[in-house]
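Participant: Pasting a structure here, questions to come.
The values are calculated or read from the model by the stated rules, or taken from the named source; none is laboratory data. The shown structure was predicted, so the numbers you read here are calculated from the model rather than taken from an experiment. Here the Cβ positions follow ideal geometry from the backbone for every residue, glycine too, while neighbour counts run over all protein chains shown. What goes into the accessible areas is simple: the full protein's heavy atoms, side chains included, and nothing from ligands, DNA or RNA. Shrake-Rupley method; radii C 1.70, N 1.55, O 1.52, S 1.80 Å.
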Amino acid sequence: MELLPTLWFIAIAVLWTGFILLDGFDLGVGMLMLTSTRDERQRRQMLNTIGPVWDGNEVWLITAAAGLFAAFPDWYASLFSALYVPFVFVLVGLIFRAVSIEYRGKVHSDRWRRWVDRALGGGSFLVAFGLGAALALTTTGLPLNANGDRVGGAFAWFTPYALLGGLALVGFCLVHASAFLGLKTEGPVRVRARQFLLRFGPAALVPLTVWVLAVQVLHDKAWTWPLVGAAVVAALFGWTSARLGREGRAFAGSAALLFCGLTSIFANVYPVVLPSTIDPAHHLTVANASSSDYTLGVMTVVAAIGLPSVMLAQSWSYWVFRRRLTTGHLPAPHPVLPAVAPSRAAGTRREGVPGTGTDGNQQA
């Protein structure tokens, strides 16, 4: 097997793992906003834990999709066309999530915040479930013909494996977010996060465990069984650490679980990048789905320069915002004037912008 296609297969696997590892707790916090608490200051505390980093974490998703398009165009074309419907829902979820985070405090209204929180939680669920289903189908197969085109209707992708992968990523995001909130907050939010992790964590990780074991049994590569065992040990370590109140170790345990589990999955399917459930001869592999060596060589040089810079900048942002967040750190909601007041000639008041519900003033 050629070196560069294999190298970029590993790079794509690392990018998807990095996205789930970093953006996973963002998505989980969004979903937990639906049910965790009705206290507004505690909700703001939860949201502010991901405020400085959520948009930077999404860079991993963009890079993974762009890298897939450039390094394996046939894989990209078959996957995205076969899963057109779920990826539309993922896109809608990403839009809902971004708009909810950015505009939650723009209107001083409890009703507005309730609807925004629902949009945030629902959008986060759509993203997690859709991407989990896509990754599961990437590792278990789609009905592809010899041209790499999907056979069947628009919902031919909706299989038990798609459902399993969607639930696996949703469950992991909830567990990972609980560990993250325990690590980053003080007070009732921290207590509830620990309680959720201890009470529901094992059940939430069942779909991920089944997905890892299903891929392991389907491909049965003996040398990947230690990775499965390491994933189990990591899960037990994280749960035990949460029980002892060691939130940092609990977060590290969930991260190690994801790394070992996904490494086992991608290692098992290699060299196949997208299996066909119709005929093994239609499988897309790192050899027949990759770009030319020249393209991959140029990409390797660019990635060697760009990725370390991005990772350094992102590491710096995590370091700056490393301390725990309490409700005391949050300023009380207060009106702010627009930077440039509208002119009186326009028929408006200088004190603010009409129609915001608080004499034209927006909530900070």
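Participant: Within segment 269-292, how many residues are open to solvent by less than 60 Å² (accessible area, probe 1.4 Å) and not in a loop (DSSP other than H, G, I, E, B)?
Facilitator: Matching residues across segment 269-292 total 8.
Participant: Select from segment 244-286 the residues that are among the aliphatic types (A, V, I, L, M) and without any contact (Cβ under 8 Å) to a residue 12 or more places away in the chain and list them in ascending order.
Facilitator: Matches in segment 244-286: Leu244 only.
Participant: Are any of the residues in segment 319-330 within 33 Å of the chain's Cα centre (by Cα), open to solvent by less than 80 Å² (accessible area, probe 1.4 Å) and either modelled with pLDDT of 90 or more or more than 25 Å from Ile50 (Cβ to Cβ) (or both)?
Facilitator: Yes, the conditions are met somewhere in segment 319-330.
Participant: Within 24 Å of Gly306 (Cα to Cα), in contact (Cβ under 8 Å) with a residue 12 or more places away in the chain and part of a helix (DSSP H, G or I) - does that describe any residue in segment 32-45?
Facilitator: no
Participant: Working only within segment 209-257, note down all residues that are open to solvent by less than 40 Å² (accessible area, probe 1.4 Å), closer than 30 Å to Ser276 by Cα and over 23 Å from the mean Cα position of the chain (by Cα).
Facilitator: Result: Gln216, Thr224, Gly229.
Participant: Quick one: in segment 53-84, which of the residues that are assigned to a loop (DSSP other than H, G, I, E, B), closer than 30 Å to Leu312 by Cα and modelled with pLDDT under 95 is most open to solvent (accessible area, probe 1.4 Å)?
Facilitator: Selected residue: Glu58.
Participant: Quick one: in segment 27-42, which of the residues that are open to solvent by 20 Å² or more (accessible area, probe 1.4 Å) and not aliphatic (A, V, I, L, M) is nearest to Gly166 (Cα to Cα)?
Facilitator: Here the residue is Thr35.
Participant: Report the residue count in segment 98-157 for those that are aliphatic (A, V, I, L, M), open to solvent by 50 Å² or more (accessible area, probe 1.4 Å) and in contact with a strand residue (DSSP E or B) (Cβ under 8 Å, 6 or more places away or on another chain).
Facilitator: Result for segment 98-157: 1.
Participant: While we're here: When you look at Leu91, is it open to solvent by less than 70 Å² (accessible area, probe 1.4 Å), at negative phi and modelled with pLDDT of 90 or more, yes or no?
Facilitator: Spelling it out, it is not the case that Leu91 is open to solvent by less than 70 Å² (accessible area, probe 1.4 Å), at negative phi and modelled with pLDDT of 90 or more.
Participant: Okay, moving on. Taking segment 176-192 only, how many residues are over 21 Å from Leu21 (Cα atoms) and buried (at least 24 other Cβ atoms within 10 Å of the Cβ)?
Facilitator: Residues flagged as over 21 Å from Leu21 (Cα atoms) and buried (at least 24 other Cβ atoms within 10 Å of the Cβ) within segment 176-192 amount to 1.
Participant: Could I ask something else about it? Can you pull out the residues in segment 130-167 that are aliphatic (A, V, I, L, M) and farther than 20 Å from Phe9 by Cβ?
Facilitator: Ala133, Ala146, Val151, Ala154, Ala156, Ala162, Leu163, Leu164, Leu167
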